Amino acid sequence: MPVQNARHQNLKKVLAQLKREGIVGFADQAEHLGNVTPGKLSAMAHGAPIDVLFSEHVEWVLHRRRGWMDELHEDDPLEA
């Protein structure tokens, strides 16, 4: 499913961003993002489905526009 592919790629980018900011490990990242357990975050990072509610929550927490998680962002200046 293309939306799941985009969500997984974007979740990897989000987790990498958090790591660059010093928020390392699923426990700390889950605490920062909120609304997710470390186990669920780990599962999604390793390929489990990412539901719409979590995607929208990530967008809100990181001040991204609605729908950002569902799209690929290869030329996004925020990804540089």
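The values are calculated or read from the model by the stated rules, or taken from the named source; none is laboratory data. As the structure is a computational prediction, the values presented were derived from the model and not from experiment. Because the Cβ atoms are built from the backbone with ideal geometry, glycine has one as well, and the counts that use them run over all protein chains shown. What goes into the accessible areas is simple: the full protein's heavy atoms, side chains included, and nothing from ligands, DNA or RNA. Shrake-Rupley method; radii C 1.70, N 1.55, O 1.52, S 1.80 Å.
Out of these labelled values of semi-axes √(5λ) of the Cα gyration tensor in Å, (1) 29, 17, 13; (2) 18, 15, 12; (3) 20, 16, 12, which was calculated from the coordinates shown here?
Read-out taken from this structure: (2).
For LEU72 and LYS40, what does the FRET efficiency come to when R0 = 30 Å and r is the distance between their Cβ atoms, rounded to the nearest 0.05?
FRET efficiency, LEU72 to LYS40: 0.80.
Alpha carbon centre of the stretch 1-25 versus the stretch 29-64: separation in Å?
One Cα centre to the other: 9 Å.
Place a label point 7 angstrom from the Cα of ASN5 along the Cα-to-Cβ direction, then list the residues of the stretch 29-57 whose backbone nitrogen is under 20 Å away.
Label zone hits: 44-52, 55.
With every protein chain kept in place and ligands, DNA and RNA left out, what is the accessible area per residue of the chain? Probe 1.4 Å, answer in Å².
62
For n ≥ 4 DSSP H runs only, could you compute -39500 (n - 2.57) per run for the chain, divide by its residues and tell me the 222 nm figure to the nearest 500? Don't jump to the answer; show the numbers that get you there.
Details: 4 runs with 45 residues, N = 80.
Calculated at 222 nm, the ellipticity per residue is -17000 deg cm²/dmol.
Could you compute the net charge surrounding THR37? Neighbours are other residues with a C-beta less than 14 Å from the C-beta of THR37; K and R count +1, D and E count -1.
Computed value for this residue: -2.
Could you work out the relative contact order of the chain? I mean the mean sequence separation of Cα pairs under 8 Å and 6+ apart, divided by the number of residues, in percent. Show your work: numbers first, answer last.
On the way: 64 pairs, mean separation 28.1, N = 80.
Contact order relative to length: 35 percent.
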